[in-house]
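The values are calculated or read from the model by the stated rules, or taken from the named source; none is laboratory data. Model, not experiment: these values are computed from the prediction. Positions of Cβ are backbone-derived with ideal geometry, glycine not excepted, and every protein chain shown enters the neighbour counts.
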Amino acid sequence: MDSYRQDGFAVLRDLLTPQEVSALRAETVALCRGDRGDVDGVTPADPAEPDDEVIRRYLCIHHPHKLSPVMAAMQQHAAVVDTLTTLIGPDVKAMQSMLFVKAEGRPGQAWHQDEFFIPTRDRSLTAVWVALDDATVDNGCLWVLPGSHRRGVIYPNREHDDPRWDCTAESYGFPHREQDAVPVEVPAGSAVVFNGYLLHRSLPNTGKRGFRRALVNHYMSATSPLPWGKAAAGTHFAEADYRDVVLVAGTDPYAYKGLADLSHPGVRPDREGGCDR
(Lines give C-alpha, C1' and ligand atoms only; values in the text may rest on other atoms or scores of the structure.)
Protein backbone atom coordinates (compact mmCIF):
# COMPACT_ATOMS: atom_id res chain seq x y z
CA MET A 1 0.00 0.00 0.00
CA ASP A 2 2.92 2.38 -0.64
CA SER A 3 0.87 4.17 -3.29
CA TYR A 4 -1.91 4.75 -0.73
CA ARG A 5 0.48 6.38 1.70
CA GLN A 6 1.96 8.51 -1.09
CA ASP A 7 -1.22 9.47 -2.95
CA GLY A 8 -3.87 9.10 -0.24
CA PHE A 9 -5.98 6.59 -2.16
CA ALA A 10 -5.90 3.14 -3.71
CA VAL A 11 -8.24 1.03 -5.84
CA LEU A 12 -9.35 -2.48 -4.90
CA ARG A 13 -10.19 -4.10 -8.22
CA ASP A 14 -12.91 -6.75 -8.39
CA LEU A 15 -13.68 -6.52 -4.69
CA LEU A 16 -17.21 -7.84 -5.19
CA THR A 17 -18.65 -10.56 -7.38
CA PRO A 18 -21.42 -9.69 -9.85
CA GLN A 19 -23.84 -11.48 -7.51
CA GLU A 20 -22.78 -9.29 -4.57
CA VAL A 21 -23.21 -6.15 -6.69
CA SER A 22 -26.69 -7.30 -7.75
CA ALA A 23 -27.66 -7.92 -4.13
CA LEU A 24 -26.59 -4.40 -3.12
CA ARG A 25 -28.50 -2.90 -6.04
CA ALA A 26 -31.59 -4.83 -4.96
CA GLU A 27 -31.18 -3.48 -1.43
CA THR A 28 -30.96 0.03 -2.89
CA VAL A 29 -34.38 -0.48 -4.45
CA ALA A 30 -35.81 -1.93 -1.24
CA LEU A 31 -34.57 1.00 0.86
CA CYS A 32 -35.85 3.60 -1.60
CA ARG A 33 -39.26 1.88 -1.73
CA GLY A 34 -39.48 1.88 2.05
CA ASP A 35 -39.48 -1.91 2.18
CA ARG A 36 -36.71 -2.14 4.80
CA GLY A 37 -38.31 0.19 7.33
CA ASP A 38 -38.51 3.89 8.04
CA VAL A 39 -35.99 6.10 6.23
CA ASP A 40 -36.39 9.79 7.00
CA GLY A 41 -37.34 11.50 3.75
CA VAL A 42 -38.42 8.35 1.90
CA THR A 43 -42.06 8.00 0.91
CA PRO A 44 -43.22 4.38 0.42
CA ALA A 45 -43.52 3.81 -3.31
CA ASP A 46 -46.57 2.72 -5.28
CA PRO A 47 -46.07 -0.95 -6.22
CA ALA A 48 -46.80 -0.04 -9.86
CA GLU A 49 -44.00 2.51 -10.05
CA PRO A 50 -40.89 1.11 -11.80
CA ASP A 51 -37.85 0.57 -9.61
CA ASP A 52 -35.65 2.95 -11.62
CA GLU A 53 -38.15 5.77 -11.20
CA VAL A 54 -38.33 5.19 -7.46
CA ILE A 55 -34.59 5.29 -6.79
CA ARG A 56 -34.16 8.24 -9.16
CA ARG A 57 -35.96 10.38 -6.54
CA TYR A 58 -33.06 10.14 -4.10
CA LEU A 59 -29.44 11.26 -4.24
CA CYS A 60 -28.07 9.75 -1.05
CA ILE A 61 -29.29 7.81 2.00
CA HIS A 62 -27.25 7.96 5.18
CA HIS A 63 -26.81 4.95 7.50
CA PRO A 64 -28.44 2.29 5.28
CA HIS A 65 -26.62 -0.39 7.30
CA LYS A 66 -29.09 0.28 10.13
CA LEU A 67 -31.91 -1.29 8.08
CA SER A 68 -30.25 -3.50 5.47
CA PRO A 69 -28.51 -6.69 6.65
CA VAL A 70 -26.85 -6.92 3.23
CA MET A 71 -25.30 -3.47 3.58
CA ALA A 72 -24.41 -4.11 7.21
CA ALA A 73 -22.52 -7.23 6.12
CA MET A 74 -20.66 -5.17 3.54
CA GLN A 75 -19.10 -3.12 6.34
CA GLN A 76 -17.30 -6.28 7.43
CA HIS A 77 -16.40 -7.72 4.03
CA ALA A 78 -13.29 -9.86 4.53
CA ALA A 79 -11.19 -8.20 1.81
CA VAL A 80 -12.13 -4.74 3.10
CA VAL A 81 -11.23 -5.64 6.67
CA ASP A 82 -7.92 -7.09 5.52
CA THR A 83 -7.09 -3.82 3.75
CA LEU A 84 -8.17 -1.70 6.72
CA THR A 85 -6.06 -3.60 9.23
CA THR A 86 -3.07 -3.07 6.95
CA LEU A 87 -3.71 0.68 6.68
CA ILE A 88 -5.11 1.52 10.12
CA GLY A 89 -4.01 -1.21 12.51
CA PRO A 90 -5.46 -4.33 14.12
CA ASP A 91 -8.41 -2.60 15.82
CA VAL A 92 -10.93 -1.00 13.46
CA LYS A 93 -14.45 0.36 13.89
CA ALA A 94 -17.03 1.72 11.45
CA MET A 95 -19.21 4.70 12.27
CA GLN A 96 -21.11 5.57 9.09
CA SER A 97 -22.47 4.26 5.82
CA MET A 98 -23.81 6.24 2.87
CA LEU A 99 -25.67 4.98 -0.19
CA PHE A 100 -25.32 7.24 -3.24
CA VAL A 101 -27.68 6.82 -6.19
CA LYS A 102 -26.96 9.90 -8.40
CA ALA A 103 -29.14 9.48 -11.47
CA GLU A 104 -28.56 11.47 -14.65
CA GLY A 105 -28.65 15.22 -14.06
CA ARG A 106 -28.07 14.96 -10.31
CA PRO A 107 -25.26 16.97 -8.69
CA GLY A 108 -21.92 15.89 -7.33
CA GLN A 109 -20.02 17.17 -4.29
CA ALA A 110 -17.53 20.03 -4.15
CA TRP A 111 -13.94 19.57 -2.96
CA HIS A 112 -13.98 18.39 0.63
CA GLN A 113 -12.14 16.30 3.22
CA ASP A 114 -14.01 13.66 5.19
CA GLU A 115 -12.11 14.47 8.39
CA PHE A 116 -13.77 17.90 8.35
CA PHE A 117 -17.10 16.16 8.96
CA ILE A 118 -15.90 13.17 11.03
CA PRO A 119 -12.95 14.40 13.13
CA THR A 120 -10.92 11.50 14.49
CA ARG A 121 -8.31 12.25 17.12
CA ASP A 122 -5.59 10.17 15.47
CA ARG A 123 -6.14 11.00 11.77
CA SER A 124 -7.20 7.42 11.07
CA LEU A 125 -10.45 8.10 9.17
CA THR A 126 -10.60 5.94 6.05
CA ALA A 127 -13.35 5.69 3.44
CA VAL A 128 -14.17 2.63 1.36
CA TRP A 129 -16.19 3.75 -1.69
CA VAL A 130 -17.71 0.71 -3.42
CA ALA A 131 -18.93 1.16 -7.00
CA LEU A 132 -22.28 -0.48 -7.75
CA ASP A 133 -22.15 0.80 -11.34
CA ASP A 134 -19.19 1.49 -13.59
CA ALA A 135 -18.04 4.89 -12.30
CA THR A 136 -16.94 7.10 -15.20
CA VAL A 137 -16.19 10.74 -15.87
CA ASP A 138 -19.54 11.02 -17.65
CA ASN A 139 -21.65 9.70 -14.80
CA GLY A 140 -19.80 11.49 -12.00
CA CYS A 141 -16.94 9.37 -10.68
CA LEU A 142 -14.68 10.51 -7.86
CA TRP A 143 -11.91 13.01 -8.53
CA VAL A 144 -8.95 13.30 -6.16
CA LEU A 145 -5.98 15.58 -5.58
CA PRO A 146 -3.19 13.00 -5.04
CA GLY A 147 -1.01 13.71 -2.03
CA SER A 148 -3.32 16.36 -0.60
CA HIS A 149 -3.64 14.33 2.60
CA ARG A 150 0.06 14.37 3.48
CA ARG A 151 0.20 17.70 5.34
CA GLY A 152 -2.56 16.59 7.68
CA VAL A 153 -4.21 20.00 7.41
CA ILE A 154 -7.97 20.59 7.49
CA TYR A 155 -8.60 23.41 5.03
CA PRO A 156 -11.30 26.06 5.51
CA ASN A 157 -14.83 25.41 4.31
CA ARG A 158 -17.59 27.64 2.98
CA GLU A 159 -21.14 27.33 1.76
CA HIS A 160 -21.70 27.68 -1.99
CA ASP A 161 -24.46 28.12 -4.54
CA ASP A 162 -22.83 26.22 -7.40
CA PRO A 163 -25.54 24.08 -9.05
CA ARG A 164 -22.96 21.41 -9.89
CA TRP A 165 -22.73 20.43 -6.23
CA ASP A 166 -25.11 19.18 -3.57
CA CYS A 167 -25.39 20.82 -0.17
CA THR A 168 -21.98 19.71 1.11
CA ALA A 169 -19.71 22.61 2.07
CA GLU A 170 -16.75 23.41 -0.17
CA SER A 171 -13.08 23.29 0.89
CA TYR A 172 -10.94 26.18 -0.30
CA GLY A 173 -7.56 27.80 0.31
CA PHE A 174 -5.56 24.64 -0.31
CA PRO A 175 -2.19 24.65 -2.14
CA HIS A 176 -3.26 22.33 -4.98
CA ARG A 177 -4.22 23.12 -8.56
CA GLU A 178 -7.39 22.06 -10.34
CA GLN A 179 -5.28 20.72 -13.20
CA ASP A 180 -3.67 18.24 -10.79
CA ALA A 181 -7.02 16.55 -10.13
CA VAL A 182 -7.29 12.93 -11.24
CA PRO A 183 -10.54 11.09 -12.09
CA VAL A 184 -10.84 7.68 -10.46
CA GLU A 185 -12.82 5.61 -12.94
CA VAL A 186 -13.58 2.11 -11.63
CA PRO A 187 -15.80 -0.76 -12.78
CA ALA A 188 -18.76 -1.95 -10.76
CA GLY A 189 -17.63 -4.18 -7.90
CA SER A 190 -14.38 -2.31 -7.36
CA ALA A 191 -13.68 0.04 -4.45
CA VAL A 192 -11.73 3.22 -3.87
CA VAL A 193 -10.08 3.42 -0.44
CA PHE A 194 -8.97 6.88 0.63
CA ASN A 195 -7.60 8.85 3.54
CA GLY A 196 -9.84 11.19 5.53
CA TYR A 197 -7.59 14.16 4.75
CA LEU A 198 -7.59 13.59 0.99
CA LEU A 199 -9.28 16.36 -1.00
CA HIS A 200 -11.86 14.77 -3.28
CA ARG A 201 -15.01 15.68 -5.18
CA SER A 202 -17.42 14.34 -7.77
CA LEU A 203 -19.04 16.04 -10.74
CA PRO A 204 -22.69 15.78 -11.79
CA ASN A 205 -23.95 12.75 -13.66
CA THR A 206 -24.03 14.06 -17.24
CA GLY A 207 -24.98 10.73 -18.79
CA LYS A 208 -28.12 10.53 -20.89
CA ARG A 209 -29.70 7.85 -18.72
CA GLY A 210 -28.47 5.77 -15.82
CA PHE A 211 -27.09 5.80 -12.31
CA ARG A 212 -23.79 6.09 -10.52
CA ARG A 213 -24.61 4.08 -7.43
CA ALA A 214 -22.03 3.63 -4.70
CA LEU A 215 -21.96 2.37 -1.12
CA VAL A 216 -19.52 4.25 1.10
CA ASN A 217 -18.42 3.14 4.56
CA HIS A 218 -16.23 5.13 6.94
CA TYR A 219 -13.81 3.53 9.39
CA MET A 220 -11.17 4.51 11.94
CA SER A 221 -8.96 3.03 14.62
CA ALA A 222 -10.96 1.55 17.49
CA THR A 223 -8.20 2.67 19.87
CA SER A 224 -9.15 6.31 19.37
CA PRO A 225 -12.27 7.97 20.81
CA LEU A 226 -14.47 9.64 18.22
CA PRO A 227 -15.41 13.24 19.16
CA TRP A 228 -18.26 13.38 16.64
CA GLY A 229 -20.90 15.78 17.88
CA LYS A 230 -20.97 17.63 21.18
CA ALA A 231 -19.55 16.24 24.41
CA ALA A 232 -22.17 15.23 26.94
CA ALA A 233 -22.91 17.70 29.73
CA GLY A 234 -20.27 17.47 32.43
CA THR A 235 -17.89 15.58 30.13
CA HIS A 236 -14.52 16.98 29.09
CA PHE A 237 -14.23 17.19 25.32
CA ALA A 238 -11.20 14.90 25.41
CA GLU A 239 -13.55 12.20 26.71
CA ALA A 240 -16.19 12.71 24.00
CA ASP A 241 -16.72 9.44 22.19
CA TYR A 242 -19.44 8.69 19.64
CA ARG A 243 -20.53 5.16 20.44
CA ASP A 244 -22.86 4.30 17.56
CA VAL A 245 -20.12 2.19 16.02
CA VAL A 246 -19.52 -1.30 14.67
CA LEU A 247 -16.32 -3.11 15.55
CA VAL A 248 -15.06 -4.79 12.36
CA ALA A 249 -11.62 -6.00 13.50
CA GLY A 250 -9.69 -6.58 16.72
CA THR A 251 -10.81 -5.28 20.08
CA ASP A 252 -12.50 -2.12 21.32
CA PRO A 253 -10.66 -0.71 24.35
CA TYR A 254 -13.69 1.48 25.09
CA ALA A 255 -16.19 -1.37 25.11
CA TYR A 256 -16.82 -0.65 28.79
CA LYS A 257 -18.71 2.48 27.63
CA GLY A 258 -21.26 0.36 25.80
CA LEU A 259 -22.88 1.17 22.48
CA ALA A 260 -25.60 3.69 21.62
CA ASP A 261 -28.22 3.86 18.87
CA LEU A 262 -27.72 7.50 17.86
CA SER A 263 -28.17 7.60 14.10
CA HIS A 264 -31.21 6.90 11.97
CA PRO A 265 -31.34 6.27 8.21
CA GLY A 266 -32.32 9.37 6.29
CA VAL A 267 -32.15 11.07 2.91
CA ARG A 268 -29.43 13.68 2.56
CA PRO A 269 -30.82 17.12 1.64
CA ASP A 270 -29.99 18.18 -1.92
CA ARG A 271 -30.75 21.17 -4.06
CA GLU A 272 -34.03 19.79 -5.32
CA GLY A 273 -35.44 19.71 -1.80
CA GLY A 274 -33.49 22.63 -0.38
CA CYS A 275 -30.31 22.60 1.67
CA ASP A 276 -30.53 22.33 5.45
CA ARG A 277 -28.45 25.35 6.42
Exercise. When residues of the stretch 108-135 are filtered for being surrounded by fewer than 18 Cβ atoms within 10 Å (Cβ to Cβ) and in contact (Cβ under 8 Å) with a residue 40 or more places away in the chain, how many remain?
Worked result: 6
For this session: Being assigned to a loop (DSSP other than H, G, I, E, B), within 15 Å of the chain's Cα centre (by Cα) and among the aliphatic types (A, V, I, L, M) is the filter here, so list the residues in the stretch 132-152 that pass it.
Result: L132
Exercise. Can you tell me how many residues in the stretch 60-99 are under 18 Å from T251 (Cα atoms) and assigned to a helix (DSSP H, G or I)?
Worked result: 9
Exercise. How do the pairs read when you match residues in the stretch 20-41 that are at negative phi with residues anywhere that are of a type in the set (S, T, N, Q) and surrounded by 15 or more Cβ atoms within 10 Å (Cβ to Cβ), using Cβ under 7 Å and keeping only pairs 6 or more apart or on different chains?
Worked result: E27/S68; L31/S68; R36/S68
Exercise. Do you know which residues across the stretch 245-264 are among the hydroxyl-bearing types (S, T, Y) and either under 24 Å from the mean Cα position of the chain (by Cα) or surrounded by 13 or more Cβ atoms within 10 Å (Cβ to Cβ) (or both)?
Worked result: T251, Y254, S263
Exercise. Out of all the residues in the stretch 159-172, is one or more part of a loop (DSSP other than H, G, I, E, B), at pLDDT 95 or above and touching a strand residue (DSSP E or B) at 6+ places or on another chain (Cβ under 9 Å)?
Worked result: no
Seminar exercise, completed: Note: among V153, V216, V193, just one is buried (at least 22 other Cβ atoms within 10 Å of the Cβ) and aliphatic (A, V, I, L, M), namely V193
Exercise. Is one or more of the residues making up the stretch 68-85 in contact with a Phe, Trp or Tyr (Cβ under 8 Å, 6 or more places away or on another chain) and more than 30 Å from S221 (Cα to Cα)?
Worked result: no
Problem set entry | the stretch 219-244, residues that are surrounded by 19 or more Cβ atoms within 10 Å (Cβ to Cβ), among the hydroxyl-bearing types (S, T, Y) and in contact with a Pro (Cβ under 8 Å, 6 or more places away or on another chain) | T223
For this session: Quick one: count up the residues across the stretch 38-59 that are surrounded by 13 or more Cβ atoms within 10 Å (Cβ to Cβ) and in a helix (DSSP H, G or I).
Result: 3
Exercise. Out of curiosity, is L24 in contact with a helix residue (DSSP H, G or I) (Cβ under 9 Å, 6 or more places away or on another chain), part of a loop (DSSP other than H, G, I, E, B) and crowded, with 21+ Cβ neighbours inside 10 Å?
Worked result: no
Exercise. E159: without any contact (Cβ under 8 Å) to a residue 12 or more places away in the chain and surrounded by fewer than 18 Cβ atoms within 10 Å (Cβ to Cβ), yes or no?
Worked result: no
